Amino acid sequence: GENVEQHPSTLSVQEGDSAVIKCTYSDSASNYFPWYKQELGKRPQLIIDIRSNVGEKKDQRIAVTLNKTAKHFSLHITETQPEDSAVYFCAVATGANNLFFGTGTRLTVIP
Amino acid sequence: DAGVTQSPTHLIKTRGQQVTLRCSPISGHKSVSWYQQVLGQGPQFIFQYYEKEERGRGNFPDRFSARQFPNYSSELNVNALLLGDSALYLCASSLAGQMETQYFGPGTRLLVL
């Protein structure tokens with residue numbers, strides 16, 4: 001199956017700074033790349049996703065970039081706020097939409 | 001606008017027992033996927049069903065089985081429970097199943113003693 005690596009595992013930033021989380025994947029046929037935010041004890045919530053025909057997508061303070069040649073994609077959060085503190089997971093799907101998740105990044109935004 | 005629902009929310013079982021978890025997808029969604037999330041890790045894919053047919057199976061033993069009903073709800077069954085089966089079991093629904101956004105339910109937290 002797909003091998004997804006996610007870095008860093010923990011990230012602390014000052015409120016207002018930017019946060020960047022990176023993921024790499026192994027299967028060049030992968031074509032769908034969502035990012036989920038999971039707060040403690042809650043369900044994963046989709047925050048942004050990108051498909052393989054697009055290199056970048058932005059939604060307010062959140063953006064995702066995709067480099068299919070290098071097989072990596074990144075989540076960028078600008079102007080971070082304390083409520084952005086959570087665990088973030090990248091995921092990859094190939095064809096049948098079976099999601100393979102990264103190991104997660106615990107983001108802490110310090111007020 | 002109801003989201004994905006799962007029942008029960010919590011469950012305690014002992015080793016060797018069997019468990020059935022239930023999921024109702026978002027109205028209009030025809031695909032349901034099941035994931036296992038062990039504490040501190042990302043969700044791991046178990047099964048995907050679309051239009052009542054199994055579309056994908058992750059690397060889980062045959063003790064795990066699932067099915068989807070005509071109303072698109074789904075059940076996950078786990079037989080001969082092991083301590084290592086303790087986890088949060090998440091159900092996700094999507095419209096059609098290929099490159100579609102998956103929306104997760106709140107999960108069922110299973111503890112095996």
Counting only other chains, and only Cβ atoms inside 10 Å, what mean value do you get across the residues of A:45-52? 2
Given H placed 1.01 Å from N in the peptide plane, which residues other than close sequence neighbours of A:Asp27 have an amide H under 5 Å from its amide H? A:Asn3
Would you kindly derive the ³J(HN,Hα) couplings of the stretch A:17-32 from the backbone phi angles with the Karplus curve 6.51 cos²θ - 1.76 cosθ + 1.60 (θ = phi - 60°), listing them in order in whole Hz, with x for Gly and Pro? 7, 9, 10, 10, 10, 10, 9, 10, 9, 10, 8, 5, 7, 4, 9, 9
Past the 31 Å Cα-Cα mark, which pairs from A:Lys37/A:Lys71; A:Lys37/A:Lys68; A:Lys68/B:Lys52; A:Lys42/B:Lys52; A:Lys37/B:Lys30; A:Lys42/B:Lys13? A:Lys68/B:Lys52
Chain pair A, B: how much accessible area is buried, both chains summed, with a 1.4 Å probe, in Å² to 100? 1700 Å²
When N is the residue count of the stretch A:29-111, what does its C-alpha Rg come to as a fraction of 2.2 N^0.38 Å? 1.10
Looking at the stretch B:32-86, which trypsin sites (Lys or Arg not before Pro) are in a loop (DSSP not H, G, I, E or B) and have at most 14 other Cβ atoms within 10 Å? B:Lys52, B:Arg63
Size of the dipole of chain A about the Cα centre, Lys and Arg at +1 and Asp and Glu at -1 on the beta carbon, nothing else charged, in debye to 20? 240 debye
As an exercise, find the ratio Rg/Rh for chain B from alpha-carbon atoms, using the Kirkwood inverse-distance average for Rh. 0.95
Quick one: compute a quarter of the convex hull surface over the Cα atoms of the protein assembly as shown and quote it in nm². 12.2 nm²
The relative contact order of the stretch B:35-113, taking Cα pairs under 8 Å that sit 6 or more residues apart, comes to a percentage of 26 percent
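The values are calculated or read from the model by the stated rules, or taken from the named source; none is laboratory data. In this text, all values refer to a predicted model and were calculated from it rather than measured experimentally. Cβ sites come from the backbone with ideal geometry, for glycine too, and all protein chains shown count toward neighbours. Just so you know, the surface numbers come from the protein's heavy atoms only, side chains and all, with ligands and any DNA or RNA stripped out. Shrake-Rupley method; radii C 1.70, N 1.55, O 1.52, S 1.80 Å.
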